[in-house]
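Peer 1: Sharing a structure below in structure tokens format, with a few things to ask.
The values are calculated or read from the model by the stated rules, or taken from the named source; none is laboratory data. Here the structure is a predicted model, which means the values were calculated and not measured. Here the Cβ is made from the backbone with ideal geometry for all residues, glycine too, and neighbour counts use every protein chain on show.
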Amino acid sequence: MRYSAFQIFKQGLTGNKHWPKTWRTPDPAQQYDVIIVGGGGHGLATAHYLAKEHGITNVAVLEKGWLGGGNIGRNTTIIRSNYLLPENEPFYELSMKLWEGLEQDINYNAMVSQRGIINLYHSDSQRDAYVRRGNAMLMAGADAVLLDREGVRAQYPFLDFDNARFPIRGGLWQPRAGTVRHDAVAWGYAHAADSRGVDIIQNCEVNGFIMEDGKCVGVNSTRGSIRAKKVAVCVAGSSGRVMSMAGLRLPIESHVLQAFVSEGLKPVIPGVITYGAGHFYISQSDKGGLVFGGDIDGYNSYAQRGNLPTVEDVCEGGMAMMPVIGRARLLRMWGGIMDMSMDGSPFIDHTSIPGLYFNGGWCYGGFKATPASGWCYAHLIATEQPHETAKGMRLDRFKSGAVMDERGAGAQPNLH
Ligand SMILES: Cc1cc2nc3c(=O)[nH]c(=O)nc-3n(C[C@H](O)[C@H](O)[C@H](O)COP(=O)(O)OP(=O)(O)OC[C@H]3O[C@@H](n4cnc5c(N)ncnc54)[C@H](O)[C@@H]3O)c2cc1C
């Protein structure tokens, strides 16, 4: 069923009791053309684009929990394409363009809101770095505006401009950036993929790969063995664990990242702000809660909850940037498992095992990448060729030296 104003009217006449399920609940078949392991945003987007762009509909998405239970439903909802490196910026700008048409494409209200993002700068050298980044964005067809101090003040008068240690000198503004209702992205892609015949199977954990003659020809799961011509792994924070079942070690570490939401407040923050002197980012949800976050917890973990020192650190960042936040009460917080790569950039690639593909290493920037990641992964699976914008996202780049270190932090996953 297509969602429309007419459907809302029609279903309303019968007390909203006859809406069909957003996606089916099929039993797994014995054989598929493609199995996608992981029903997060990236896995579901891949299934949608495989079906819609490449006509491959004999596809199953196997999810060990429920749709929206992973990072896709745990992130701070920020989308942007303000990257520097030529291997990254065109990819994230492709993603931004896909976000702009997403709701029509998948026939689902994901509350895409292009409310703008400002990255604050606090020194001359940081301003110069942002000028360089803004120029890289403009050259890739994105939008970027350098604001001086008064330009930032016009939008956010309550920031601490005269902080003794980190005074705010200005910001790099991307007006087309913004926020998207995170779990609706999973539901919307699931709805769209399901309507083209993709089987979405929840509560189905993959616990091994079926190998024959050195090739991957299917998976073992808690719902039995399922065969496929191609198996595409897309499990974000569980990447290391899942790929080790195929005997592969990845240049990825898993860390917790926490998110925080305050009590509901009247509208105070129209867009997204990131603090350039520490690690802090904030926006306000449509329900009024301030949604914010900061650094990852600095140790390896598969737990989906974090520790108190990081809570303190994040709140200190908030207080330094906007002391007014000290009046708000924290309502809830949670953690997700981040697949932190050694250079802070992701992978969309074949593996050394024929028939087995890998997508991961998104660090804490993978939500904004969801549409382009699905688009490029589907392209790779369908055509066996990397997509133009994802050519650098190779698994062997640490052997070749062609690393994509956007932040210049070196092989320190916890610093990217
Ligand atoms: C607190 C927090 C804040 C963030 N903020 C932002 C942000 O503002 N902007 C941004 O761009 N990014 C952000 N991110 C990062 C972003 O959410 C992730 O990079 C992205 O969601 C990862 O891709 P995914 O949606 O496919 O992951 P997931 O939703 O985690 O999907 C992976 C799925 O694989 C499943 N799985 C695992 N193992 C198996 C198995 N063996 N068998 C079957 N299924 C399996 C999991 O259950 C999970 O559902 C944030 C993340 C967190 C945690």
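Peer 1: Determine whether residue 296 is outside the structural domain of residue 65 (by TED's automatic domain parsing), of a type outside the set (Gly, Ala, Ser) and either at positive phi or crowded, with 21+ Cβ neighbours inside 10 Å (or both).
Peer 2: yes
Peer 1: For the condition small (Gly, Ala, Ser), touching a Ser or Thr at 6+ places or on another chain (Cβ under 6 Å) and on the phi < 0 side of the Ramachandran plot, what is the one hit in 164, 142?
Peer 2: Matching residue, one of 164, 142: 142.
Peer 1: Also, I was wondering about something else. Might you check whether a residue that is within 16 Å of the ligand (Cβ to nearest atom) and closer than 21 Å to residue 187 by Cα occurs anywhere in the stretch 346-358?
Peer 2: Within the stretch 346-358, none of the residues are within 16 Å of the ligand (Cβ to nearest atom) and closer than 21 Å to residue 187 by Cα.
Peer 1: On to the next question. Can you name the residue in the stretch 61-76 that is buried (at least 24 other Cβ atoms within 10 Å of the Cβ) and hydrophobic (A, V, I, L, M, F, W, C) and, of all such residues, is nearest to residue 334 (Cα to Cα)?
Peer 2: Applying the filter and picking the extreme gives 72.
Peer 1: Hey, among the residues in the stretch 181-198 that are buried (at least 23 other Cβ atoms within 10 Å of the Cβ) and more than 9 Å from the ligand (Cβ to nearest atom), which one's nearest to residue 61 (Cα to Cα)?
Peer 2: 198
Peer 1: With the structure loaded, tell me whether residue 43 is part of a helix (DSSP H, G or I), surrounded by 16 or more Cβ atoms within 10 Å (Cβ to Cβ) and within 10 Å of the ligand (Cβ to nearest atom) or whether it fails that test.
Peer 2: Yes, satisfied.
Peer 1: Can you give me the number of residues within the stretch 299-314 that are more than 14 Å from the ligand (Cβ to nearest atom) and either outside the structural domain of residue 264 (by TED's automatic domain parsing) or under 23 Å from residue 80 (Cα atoms) (or both)?
Peer 2: 0
Peer 1: Another question, if that's okay. Looking at 366, 336 in this structure, which one is more than 26 Å from residue 174 (Cα to Cα), small (Gly, Ala, Ser) and touching a residue at least 24 places away in the same chain (Cβ under 8 Å)?
Peer 2: 336
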